[in-house]
1. Nearest 10 degrees, 0 to 90: what angle lies between the long axis of helix 54-63 and the longest principal axis of the chain (Cα atoms)?
2. I want to check the label-to-label distance for LYS153 and VAL387. Put each point 7 Å from Cα in the C-beta direction and report it in nm to one decimal.
3. Looking at [x] 306; [y] 203; [z] 132, which value of volume of the Cα convex hull per residue in Å³ comes from a calculation on the structure shown?
4. Looking at region 493-542, which trypsin sites (Lys or Arg not before Pro) are in a loop (DSSP not H, G, I, E or B) and have at most 14 other Cβ atoms within 10 Å?
5. Sorted by mean Cβ packing within 10 Å, highest first, what order do the peptides 253-266, 122-135 take?
6. How much accessible area per residue does the chain have, in Å², with a 1.4 Å probe?
7. For the chain, what relative contact order do you get, as a whole percent, if you take Cα pairs closer than 8 Å and at least 6 residues apart?
8. Going through the cross-link list LYS187/LYS537; LYS207/LYS498; LYS265/LYS320, which pairs have a Cα-Cα distance over 20 Å in this structure?
Amino acid sequence: MKDVKCECGHVNPHGTILCESCGRMLAEDGEDNKLVDMRYEGTARRSQTYKKTIVDKIWNFFSSVKVGVWLIIITLLASSLGTIFPQQAYIPQTLPPEQYYREEYGKLGKLYYDLGFNQLYSSWWYIILVASLGISLVICSLDRVVPLYRALKTQRVDRHEDFLRRQRVYGVTQLEDHDVDIATIKKRLQDSKFKVREVDGKILAEKGRFSRWGPYINHIGLIIVLISGMMRLVPGMYYDKVLWVREGETEAIPGTKGEYYLENKKFTMEVYDKEKESEVFTTAIEKNGMVAKNFQTDAVLYKADGEPLPGEKPKLKQEKEQIIKVNEPLKFRTFALYQVTYKLDELNKMSFYLTEKSSGNKLGMVTLDLHNPEKTFDLGNGNKVEVVSYLPDWELNDEGEPITKTRIPNNPAFVFRMITPDKPDGEISFVAIKKTIEASENNTYKMAFAGIETKNVAGLTVRKDLTLPILGLGGFIFMIGVIQGAYWNHRRIWIQKKGNTIILAAHTNKNWHGLKREIKKTIEGLGLNEPEDQVEKKESAQ
């Protein structure tokens, strides 16, 4: 495709409608009074010129504003699907995700999980959708900003008469017995903050050109925001996990590779008192039974001192001590620990007596740590108890066999082997809360429930987000573009003298009334006719 050379000598890219230099129409449109399209100064956009190769077709597809709008709509609709139910990262870790969604939200929850919406924002199709939106923003911007910049950079002061006549604001004054004070016009325009250029008595006054780049600055900001969102998928840039720490225990902080540990010295739960609170809280208390006023974790942060040997407990050095409350996280390095949830009175230990059934004599007691139970207990006098199997959260499967749903001791059950001098091979007993099943009705011994010990558990979110500065930068740049395009506008005024005729034409990308007021102020008292708004003139004539 060859370039197009204008009568003024300027060489324009193929497809250009208006000469980038003088503004002359390069192709006859058959309508002498049709106003020129000044959105991109009549310059050629690649998407409107090249349409042959596969690259051209891809470029033209993504450069379409309609395609961009549809991508935004589809992305918003897809994003809204992820908010119907909580994402998997934010559900309690006490149940498998499939079971949690099924039990909490029924058939819709199961469908939600089966379709993969529980991890929507990291799914391949959602990432492709966001990437397509980013590609659309880049191509849309390049397709328009490059020819616009080239046209504005090469525009001349003296424009073709046909270009001026096709502007929306246009006026002609015939000079008979007086001349025009060009110096006064220039002075008034400069006082109105216009940048004035003059060539051979012809004037181009321009201001606010930078506002034309506002939408493209917006696009840059949005692209940076999208990049920051996709960077969360890069390992090490984003981390968000739940850490459960029981009172009096110390746990390794996930994401720190065993370098940092957290101790829960005490968990405190405060609720609103119905008798002391206002009517608003009273209604909520009556409806829910309990409304949390405050819950906090008295925490101690430790750092491992050196690397321990395999199987050896690390030596811990205290880093800081802090009370973690909602919206008052404990921060260290690039991590922050937020108080988000809790679990009151979680089963921690259970005790049983080895008892002779006929006499009720207690031969000894075993106490099991429900999070790490011992396998064998020696009660003396030849009496022993072995833990054959431990099911922390037991239920019967479809085949009627006992299984555990989770590793959390919500409903613990044990299979014990009871060994005594008179029963050296041992007797088997299945013991659960409110349920005991003996392998034989002729068992001589049984495990009798003795008591339980509970602990409160603090649920903390471990969060690391290195993308926030990038997200903030993108938002800041986006707002600059919004302000740039919203509060300023690009105004140009052309004044040309040909013989005894003064031609005045003007253009702005918005706020035509403001432009006309400035023109009226500029030519006031100088004997020039006020230019007409050709759009309003045509509408009034109809």
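The values are calculated or read from the model by the stated rules, or taken from the named source; none is laboratory data. All figures in this text were calculated on a predicted structure; none of them were measured in a lab. Methodologically, a virtual Cβ is constructed for each residue, glycine included, from the backbone with ideal geometry; neighbour enumeration extends over all protein chains shown. For the accessible areas, the whole protein counts, side chains as well, though only heavy atoms, and no ligand, DNA or RNA atoms are used. Shrake-Rupley method; radii C 1.70, N 1.55, O 1.52, S 1.80 Å.
1. Around 90 degrees separate the two axes.
2. 7.5
3. [x]
4. Here the sparse-neighbourhood loop sites are LYS510.
5. Descending mean neighbour count gives 253-266, 122-135.
6. Counting only protein heavy atoms, the per-residue value for the chain is 56 Å².
7. Once divided by the residue count of the chain, the mean separation gives 18 percent.
8. In this structure, LYS187/LYS537; LYS207/LYS498 exceed 20 Å between Cα atoms.
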